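Chemist: Here it is, the structure, as structure tokens.
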Amino acid sequence: MARSAASSVTEMKPELPTDPRRQMFSLVIIMLAIFSLGVSLGMMAVVFPTSMEALGFSRSLIGTVMSMETLASVLVCFMMVSLFRYIGLRLGLVFSTLLRLPPLVALAYFQDLNFWVVMALMHGLGSGIFFLQLQTWLNSIPFQTSRGFKIALFGTSISLGLSLGPVVLQFIDAMQPLIAQIANLCRLEITDYALQAPFFAIAFVSFLALIPVLLGFFVMPSLKSAKRMALLPLINESKGVLYGLAFGGASLFGVSSFITLYGMQNGLTLTDASLLLTSFMLGGLLLEAPIAWISDHFDRRYVIIAAVLLSLVCSVYLPIAIYRSYQAWILLFLWGGVVGAIYSISLTILGEKYPAEELVSVNAAYSVMENSGGVVGAVLIGLSMDLFGSDGLPYVILFTGLCYFTFALTRYKVE
């Protein structure tokens, strides 16, 4: 492992929980927090593109605006070491919550494209900080057994939240009294319930993610000091894992952002099309942990390669399966599982490879690759769907997968 790229700032000696009960309590807190964030993001995955399409924006513009959140997450990665040094884990989680709530409320009242771009960027910064800090906290816990499975529970929790997000939107009318109370509390007027209510609901659910964090303050490590490592050399050290992660980012962000529109363009109703996203996230919920458990008993790198291959197979069969909704739901379920497994297995490999004082930089590199893949995937899918129709979505996933295998089959040596 090349250490010449690392520049020591302050030796990090976090107070990591060694008591198994404290470790499990920390894991439960992290799962609850990321679950709540996942529900809000799952709601946004439906509300954002459908609201923008209703306002008359093209699909390429929708992809560009939605990629702003992912771009913001990439920007966060370059300042994570400084964030941990100056505000720490506790204050950082509170700050990120306060950062991502105002844009959600503001989007309920403004229709200007430039404003949407800025608000999406701001929300992405808040979500990215919250997610990356929880991820770093998780990866710092020294689990002694079944590390891959336990880390996969993090991905399972966010997948559960993302899959339930579209379901929660089905009850938006029943939530009218609660949303009205929230609006009154914030001294805001609801003039168009159908347009504005979903954004208020998303903001409320996003705020709920802070509650378990506050309950877990006493078990959080400080993580205020860290060893700063240059990201590009770090990525080069683990390129086989991180390139696969970039493909996973393109698949997850791309499918999450456009699968609802894809289904509607192929004759599905809005309800059936939104259930495509639910199926995709349920796959991650139910299949990610078992696949990660398998990786505890085999070479994890080979499992990542197999997961990428299965994802390519799913993208090839999507245009065939979409004409029967139940077939599409099954396909998206399998697809979500293998994509989710790429995330948890990659995180496990990096947590095993690097010591605790380098985990902030390592998790930053992880998120750079994940979100860079997401930005490229969302933009290319939006552009491809404008140029080639709805099948632009599987075309892009297939193209990015072939790019990964061009590397994996020629230069990636599994050690």
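Each reported figure results from applying straightforward, stated rules to the coordinates on display, with no laboratory input. Model, not experiment: these values are computed from the prediction. Quick reminder, even Gly has a Cβ in these numbers, built from the backbone with ideal geometry, and neighbours come from all protein chains shown.
Chemist: Please report, in debye to the nearest 20, how large the charge dipole of region 13-408 is about its Cα centre when each Lys and Arg carries +1 at its beta carbon and each Asp and Glu carries -1 there.
Modeler: About 960 debye.
Chemist: Given R₀ = 25 Å, what would the calculated FRET efficiency be for Ala306 paired with Gln327, taking r from the Cβ atoms and rounding to 0.05?
Modeler: 0.65
Chemist: Provide Rg over Rh for region 42-140; use the alpha carbon set for both Rg and the Kirkwood Rh (inverse mean inverse pair distance).
Modeler: 1.03
Chemist: Lys/Arg Cβ at +1, Asp/Glu Cβ at -1, dipole of region 13-408 taken about the Cα centre: which of Leu210, Val313, Pro49 is farthest positive-ward?
Modeler: Projecting each Cα onto the dipole axis, the largest value belongs to Leu210.
Chemist: For a protection proxy built on the mean count of beta-carbon atoms within 10 angstrom, sort 213-220, 315-322, 195-202, 101-108 highest first, please.
Modeler: Working: 213-220: 15.9, 315-322: 17.9, 195-202: 22.9, 101-108: 20.4.
Ranking, from highest mean packing down: 195-202, 101-108, 315-322, 213-220.
Chemist: Could you give the alpha-carbon Rg of region 13-408 over 2.2 N^0.38 Å, rounded to two decimals?
Modeler: Relative to the rule-of-thumb radius for its length, region 13-408 sits at 0.92.
Chemist: Hey, what D do you get for region 282-403 in µm²/s if you plug the Kirkwood alpha-carbon radius into Stokes-Einstein at 37 °C and 0.692 mPa s? Can you show the working numbers first?
Modeler: On the way: Rh = 15.6 Å.
Rounded to a whole number, D works out at 210 µm²/s.
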